[in-house]
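Each remark here refers to the structure printed beneath this line.
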Amino acid sequence: MSPSKKINELRSLLERHNRLYYVEARPEIADAEYDRLFRELETLEHQHPELDDPNSPTRRVGGAPLEGFKQVNHPVPMLSIDDVFTEEEVLDFYQRLQKNLGRKSITVSIEPKIDGVATSLVYRDGSLAYGATRGDGLTGDEITANLRTIPSLPLTLKTPFPAMLEIRGEVFMPNKAFARLNEEREEAGLQTFANPRNATAGTLKQLDSRSVAKRPLSFIAHGLGAMEGLDLLSEGDFRSLLNSCSIPCNEPVWTTDTSNGVLSAIRELGQRRLELPYATDGAVIKIASLSDRAALGATSRAPRWAVAFKYPPEQKPTRLLDITIQVGRSGILTPVAELEPVSLSATTVSRATLHNESFIHDRDIRIGDTVLAHKSGEIIPEVLKVITEDRPPGTKPFSMEEHLQGTCPACNSPIARRANSESKGRPVVTWWCENPLCPNKAVAALTHFAQRKALDLDGLGESVAIKLVESGMVKSPLDLFSLRIQELSDLLLDPARLQTGESSKPRRFGEKKAQLLIDSINDSKADQPLSRWIFAMGIPQIGESASRELSRLHKTLPDISSSKILRTISLLADLEEERKEVSPQNKDRPPLDDAERSARKKLHDALKERMQKAEEEIADYEVSSDIGAVASRNLIAFFSSQHGKEFMQQFERLGLCPESANFLPRPSEASAATEMPLAGKTFVITGTLSQPRSIYKEMIEQGGGKVSGSVSGNTSYLLAGEGGGSKRDKADKLGVDILSEDQLISMLK
Ligand code: IVH
């Protein structure tokens, strides 16, 4: 098969499996098989840059950062929608439709209003031409590169498709993914996003699509923009088109032709929307018939054929009983509101994060206050504000330092204050426990180490971790590797609760569970690849993708601890800071006179030169944005800290040596280091072979060899079929080995 045919075949195969996995939730192949096909396509595309396609599934990982976004005009204006807030207003809308269309029965559909970012996607000949934000409704930002990274957004449409199709829809971040992202940001001391929509909008604004690819965004279509080559009659036709082209469609949907039907649909959706895995803030009611839509038209702002019923956001007053402090894995102290239980958006809420001390001060939240609670994005319980009128006498402003008496609630060591990031120009104050042996940190570190995404240790959840730390058996995760079965079996867990609510005697962990855990600890030594180990270590800012990138660049953990790449990245960041500072263009510190200007220019140029050299040193590695200056500095700080040194010593004593499963040597070292059978060999092809030459060329290249047109001193082999006189003669003269087709094939084996 020709490379171009093979590439096309792999592209449509991968898009199909992508669809089955992300849109239809019924995968047909294992992840490993998908990865294999993906890599095969990547290799072929690398060998055939002329067959490049921006909508190849391999482009979903993102590309080089942009300087800025281009503006595009929407083919049809992207209008807004009129909001209504009561059932009476919904009835008014329906009656207006009856009056304007002059008939009683009007079919409408009712579907969720997704709380995301409105997006327009333009497909030409079934391939994504570009995608854009709503902007001012007439012109938006072209954000195609960012949109391509969204797995559920189709890059190519399933046939049959109209010649041109503009789809409108929402890009959003699913609730669970949003919660995880915020947890990670909180752990890292970064500003958290207020709700999934803000997280989505913030992500889509990034100029580096590789960072966008790391964020779990999703897409659902809800409207038709422009179209050529097909005629649709109704919302039903539109939904059939979406389904047949495999574009994710907005569900659930109700269809009715009575006003009572509309009311019962919005009530039902009011319940069901809380079970959807993403945020919704209303019900959109639309006329089904497209000719009725055209007849009714639009005002300059919104169509007359649709309306959005907005559900009232659930906010309830409750009492703030106390503020407690949670100690995170990195030692960050997070204040938590202990609330009088209150029912909000389908669950009972009794705790809500207060994020950090600045959050509390900005809102003057005090213990004993009556506060207004809600769920941000309808998932994360949060204190909105204090109802100051209801403040009881005798409350006082909250101070972490006073509340904690300056010490960590878990270990009583002194706590430290850091103002480490800024929000709206003001620093965000966080407090940290700096004791590396703090038991709460140890528990958090242990559960992180054992979780599924890390070393995946059986039976080591939070409650067991607490007991392991309390008993003194484990102080840090590596102590797990010295646990003995007997002591682990005898570990006392919390008393078992009898149904009456009385406590019985404490339970033992027991032999069976102990054996399972020990086995799984031992298995992890041999089975878990380096990337999981790095992630398990819980170094700030080193999440799953950064860990994978580290293991692509290094073979072993000691390699990372002495990594030149990391040192260069952090050096580059230092040099850049220095360069900005000394630059004669620095507006905050302009040169005082010409002498200073020229001295600073010299220094500036020298710094630039050093940076260029440093950049060249690591350019070949193509380090992804997962390992930036902050990640590199954190890694270097970890390995040079007392704690990090002890970790590495213990690691070596235990004989641990996890290896990278995705280590890629530097391209220049690759040909020598790889095990490709034809690596470093140059071939010339001559004579009549049993298959076209292009096939042999492809085979040789797949085996790591090169094909050249003429025989020379650099030729390793001549692949010769029938005839092929002059090249054969030259090869003979130069002593170049001559191969038959069979010999080549056996070399490839
Ligand atoms: S239909 C021309 N359906 O809400 C207006 N819009 O305020 C017809 N939205 O920016 C819009 N979910 O992006 C429609 N199921 C849904 C929607 C939806 C969210 C957004 C839309 C628009 C905004 C309108």
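The values are calculated or read from the model by the stated rules, or taken from the named source; none is laboratory data. Everything numeric in this text was worked out from a predicted model, so none of it was measured. Glycine gets a Cβ as well: all are built from the backbone with ideal geometry, and neighbour counts include every protein chain shown. Surface accessibility is based on the protein's heavy atoms, side chains included, excluding ligands, DNA and RNA. Shrake-Rupley method; radii C 1.70, N 1.55, O 1.52, S 1.80 Å.
Run the helix sum for the chain: -39,500 (n - 2.57) per DSSP H stretch of 4+ residues, divided by residue count, reported at 222 nm to the nearest 500 deg cm²/dmol.
-12000 deg cm²/dmol
Counting Lys and Arg as +1 and Asp and Glu as -1, what is the net charge of the other residues whose Cβ lies under 9 Å from the Cβ of F398?
-1
Pop the C-beta distance of D231 and S710 into the FRET formula with R0 = 56 Å and round what comes out to the nearest 0.05.
Computed FRET efficiency for D231 and S710 comes out at 0.40.
Roughly how many debye, to the nearest 20, is the charge dipole of the stretch 546-590 about its Cα centre, given +1 on each Lys and Arg Cβ, -1 on each Asp and Glu Cβ, and no other charges?
200
For the stretch 398-404, take each phi angle, set θ = phi - 60°, evaluate the Karplus expression 6.51 cos²θ - 1.76 cosθ + 1.60, and give the result in whole Hz per residue in order, putting x for glycine and proline.
3J(HN,Hα) across the stretch 398-404, in whole Hz: 7, 10, 4, 5, 5, 4, 9.
For S563, which sequence-distant residues (separation of 5 or more, or a different chain) have an amide H within less than 5 Å of its own amide H, given hydrogens modelled in the peptide plane?
Those qualifying (amide H under 5 Å, at least 5 residues apart or on another chain) number zero.
State the extension gain, in nm to one decimal, for the chain segment bounded by S471 and L575, taking 0.36 nm per residue of separation less the distance between their alpha-carbons.
32.7 nm
Using a 7 Å offset from the Cα along the Cα-to-Cβ direction at both E40 and V61, what is the distance between the two label points in nm, to one decimal?
Spacing of the two 7 Å Cα→Cβ label points: 1.8 nm.
For q values of 0.22 Å⁻¹, compute log₁₀ I(q)/I(0) with the Debye formula on a Cα-only model of the stretch 550-636, without solvent.
-0.99
Which one of A416, T299, F683 is farthest out on the positive end of the charge dipole of the chain, using unit charges on Cβ (Lys, Arg +1; Asp, Glu -1) and the Cα centre as origin?
T299
Can you pull the accessible area of D588 for me, 1.4 Å probe, Å² to the nearest 10?
Spelled out: D588, probe radius 1.4 Å, area about 150 Å².
With point charges of +1 on the Cβ of Lys and Arg and -1 on the Cβ of Asp and Glu, referenced to the Cα centre of the stretch 534-590, which listed residue (L557, P584, A536) lies farthest in the positive direction of the dipole?
Value computed over the given set: L557.
Can you compute the modelled spin-label distance between E646 and H48, with each label point 7 Å from Cα toward Cβ, in nm?
Between E646 and H48, the simple spin-label model gives 5.8 nm.
Applying the Karplus parametrisation 6.51 cos²θ - 1.76 cosθ + 1.60 with θ = phi - 60° to the phi angles of the stretch 124-129, what ³J(HN,Hα) value in whole Hz is obtained for each residue in order, glycine and proline being reported as x?
10, 6, x, 10, 4, 7
May I ask you to derive the FRET efficiency for E659 and E462 from their Cβ-Cβ distance with R0 = 25 Å, giving the value to the nearest 0.05?
Plugging the Cβ-Cβ distance into 1/(1 + (r/R0)^6) gives 0.25.
Can you bin the chain into rounded, prolate or oblate? Criterion: square roots of the alpha carbon gyration tensor eigenvalues sorted a ≥ b ≥ c, rounded for a/c under 1.5, prolate for a/b above b/c, oblate for the rest.
The shape class here is oblate.
Need the full-extension length gain, K608 to D494, defined as separation in residues times 0.36 nm minus the C-alpha distance. One decimal, nm.
34.9 nm
Run the accessible area of the chain with a 1.4 Å probe and give the carbon-and-sulfur part as a rounded percent.
50
Taking amide H positions as placed in the peptide plane 1.01 Å from N, state which residues far from G225 in sequence (5 or more) or on other chains have amide H under 5 Å from it.
Result for G225 returns E166, I167, R168.
Nothing charged except the Cβ atoms of Lys and Arg (+1) and of Asp and Glu (-1): what's the magnitude of the dipole of the stretch 493-633 about its Cα centre? Round to the nearest 20 debye.
580
Check the straight Cα-Cα distances from K99 and name the lysines below 30 Å, setting aside those fewer than 8 residues away within the same chain.
Here the lysines satisfying the reach criterion relative to K99 are K113, K286, K310.
Any chance you could get the radius of gyration and Dmax over the Cα atoms of the stretch 328-394, in Å?
So, for the stretch 328-394, Rg and Dmax equal 12.5, 38 Å respectively.
GluC sites (Glu not before Pro), restricted to the stretch 56-160: which are DSSP loop and have at most 12 other Cβ atoms within 10 Å?
Passing sites in the stretch 56-160 are E67.
Give the percent of DSSP beta bridges with both residues in the stretch 296-443 that are antiparallel, rounded to the nearest 5.
The antiparallel proportion sits near 95 percent.
Determine which lysines satisfy two conditions relative to K525: a Cα distance under 22 Å, and not lying fewer than 8 residues away in the same chain.
The reachable lysines, counting only those whose Cα sits under 22 Å from K525, are K453, K475, K512, K513, K555, K645.
If you roll a 1.4 Å probe over the heavy atoms of the protein chains, what accessible area per residue do you get for the stretch 499-576, in Å²?
With all protein chains present, the stretch 499-576 gives 49 Å² per residue.
Quick one: give the max-minus-min coordinate of the C-alpha atoms of the stretch 291-444 along each principal axis, largest first, in Å.
Result, largest extent first: 72, 35, 31 Å.
How long is the gain from R267 to E401 if the chain were fully straight, where each residue apart is worth 0.36 nm and the alpha carbon distance is subtracted?
43.5 nm
Could you go through the stretch 474-483 in sequence order and give the Karplus-derived ³J(HN,Hα) for each residue, using 6.51 cos²θ - 1.76 cosθ + 1.60 with θ = phi - 60°, rounded to whole Hz, and x for Gly and Pro?
10, 9, 9, x, 5, 4, 4, 6, 10, 5
Are there trypsin sites (Lys or Arg not before Pro) in the stretch 398-491 that DSSP marks as loop and that have at most 11 other Cβ atoms within 10 Å, and which are they?
Taking the stretch 398-491 and a limit of 11 other Cβ atoms within 10 Å, the loop trypsin sites (Lys or Arg not before Pro) found are K424, R452, R484.
Treat every Asp and Glu Cβ in the chain as -1 and every Lys and Arg Cβ as +1, leave all other atoms uncharged, and give the resulting dipole magnitude about the Cα centre to the nearest 20 debye.
Rounded to the nearest 20 debye, it is 120 debye.
With unit charges on the beta carbon (Lys/Arg positive, Asp/Glu negative), name the residue among W432, V469, A442 whose Cα is farthest towards the positive pole of the charge dipole of the stretch 426-476.
Ranked along the dipole, the leading option is W432.
Find, among the trypsin sites (Lys or Arg not before Pro) in the stretch 286-344, those assigned to loop by DSSP (not H, G, I, E, B) with at most 16 other beta-carbon atoms within 10 angstrom.
R301
Amide H of L384: which non-local residues (sequence gap of 5 or more, or other chain) have their own amide H closer than 5 Å, using H built in the peptide plane?
Result for L384 returns L372, A373, H374.
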